[in-house]
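Take a look at the structure set out below.
The values are calculated or read from the model by the stated rules, or taken from the named source; none is laboratory data. Predicted, not measured: the structure shown is a model, and the values here were computed from it. Glycine gets a Cβ as well: all are built from the backbone with ideal geometry, and neighbour counts include every protein chain shown.
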Amino acid sequence: MPARRHGCRLAHTGIDMDVELPARWADEPARLAAVRLMREFSASVEPVLTNIVRIAAEAVRAPMAMLTLVEAERVRVVSRHNVGITQLPRNAAPCARVVAGRAPLHIPDLLDDPRYAVGPLTGGETGARSYAGVPVLDPTGNVVGSLAVLDRTPGSLGAERTQLLGLLADQATAILTLGATADREAANAAAMGQFGAEFISLITHEVRTPVAVITGNLELLDELGDIPDVSRERMVSAIRRNADRLVRLIDHLLVTARAGDALAATVSRAPVDLSGLVTEAVRANEPKAKQGGIALDLQVEQPATVPGDATILRTAIDNLLSNALLFTQPGGRISVRVSADTPQAALVTITDTGVGIPAEELSRVFERFYRGAHAQRVEAPGAGLGLAVTEAIAAAHGGGVRLDSTPGAGTTVRLVLPL
């Protein structure tokens, strides 16, 4: 559909301007339905969204930030940092162009753009001069709004900070999606309150830690002019590693939000070389094992091909390996074996010599956000989603996860997948 255009007289020039309003696309009804759903459940996770918006401002060193949802005629600000505006006319909001273009938008100087030179963003206490926004999408691909930062001086974000802003926008999407799931599942307000408290505490911590590393290294790259190549590569590696950590958390949140029939319905059924997938995962984790003084060995008793989604199956295997590495002390051993469970099913067995799990905790280890006493005591990284995500992935493939553990002797986890 062609974009709808509205005539607008700019007060400071007296000239009639044609201001483009994002079109009523063919998929606009579906997009607006997604916006309504996100808006409805944004209140249940508002404290987490507020933290993400504040972190976004800190990460790119901007004084203001906001998370917006673009509705039919207006833009609703659902979370903000140092921004007094709660809503904007849709044709006066740069974030509407983010939605229209489905891509990041940079406006180095709002006063140079006649659409925004006079308006709520540039006027009053906000007094913004520059704008940078990235799309916020729902899990089905609808662009529902944007995460944006504003500054009172002209300028533009570099590629690294734009990428970081995009990661945080994905984080907001995951949290809004999981908030909707949590609300639907909540039996009563009290249950939701308990869930919300755990959610806010864990996710805020898990977001802030990698963002702090990314931000610190970006600042050093900015401030230090002549950096030796070795030091620069170390900083870039830290940025990349922690960005990957954010992506993994986002993926975990989205998997748990779609757990059950919804996840099973979206899993592809292509042939997956399970033996090769496990081998790749073990090889990728060998440096971490070596660094921790842990022996990591692999035995493929029987090659196996399973129908499924290679990407999320790799996530499940990585989760199990990550847990084993996290809770195995230096000098310990982790054994990985691919074999047959039955003539109709393959089996991936991961056995470690780690701290083990107390009997009273075994019944809860697959709960979302559950962290055992040892993990809390040593402040182990993670949001308590790994086993829940792995179980959801296995179930979506028609399989399952079994876990046995003895405190002080180690843990064995078995991932069963039908051939």
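Worth a mention:
- Matching residues, the range 266-297, being under 20 Å from Thr390 (Cα atoms) and not in a helix (DSSP H, G or I): Val267, Ser268, Arg269, Ala270, Pro271, Val272, Asp273
- Restricting Ala62, Ala72, Ala148, Ala57 to residues that are among the small types (Gly, Ala, Ser) and closer than 19 Å to Glu28 by Cβ narrows the list to Ala72.
- Residues within the range 298-332 that are assigned to a strand (DSSP E or B), over 17 Å from Ala394 (Cα atoms) and of a type in the set (Ser, Thr, Tyr), tallied: 0
- Within the range 128-142, being hydrophobic (A, V, I, L, M, F, W, C) and more than 16 Å from the chain's Cα centre (by Cα) holds for Ala128, Ala132.
- Residue that is surrounded by the most Cβ atoms within 10 Å (Cβ to Cβ), among those in the range 30-72 that are part of a loop (DSSP other than H, G, I, E, B) and of a type outside the set (Gly, Ala, Ser): Val60
- Filtered residues of the range 78-102 (kept if in a helix (DSSP H, G or I) and surrounded by 23 or more Cβ atoms within 10 Å (Cβ to Cβ)): Pro94, Cys95, Ala96, Val98, Val99
- Residues that are under 13 Å from Gly399 (Cα atoms), surrounded by fewer than 16 Cβ atoms within 10 Å (Cβ to Cβ) and at pLDDT 85 or above, drawn from the range 333-355: Gln344
- Top-ranked residue of the range 356-387 - restricted to ones that are among the hydrophobic types (A, V, I, L, M, F, W, C) and in contact with a Ser or Thr (Cβ under 8 Å, 6 or more places away or on another chain), ranked as modelled with the lowest pLDDT: Leu385
- Test: residue in the range 78-91 that is farther than 25 Å from Ala43 by Cβ and modelled with pLDDT under 90: yes
- Being of a type in the set (S, T, N, Q), farther than 23 Å from Arg240 by Cβ and touching a residue at least 24 places away in the same chain (Cβ under 8 Å) is a description that does not apply to Ser156.
- Search result, residues across the range 102-148 that are among the acidic types (Asp, Glu) and over 18 Å from Thr177 (Cβ atoms): Asp109, Asp112, Asp113, Glu125
- Val75 modelled with pLDDT of 90 or more and either in the same structural domain as Pro154 (by TED's automatic domain parsing) or in a helix (DSSP H, G or I) (or both): yes
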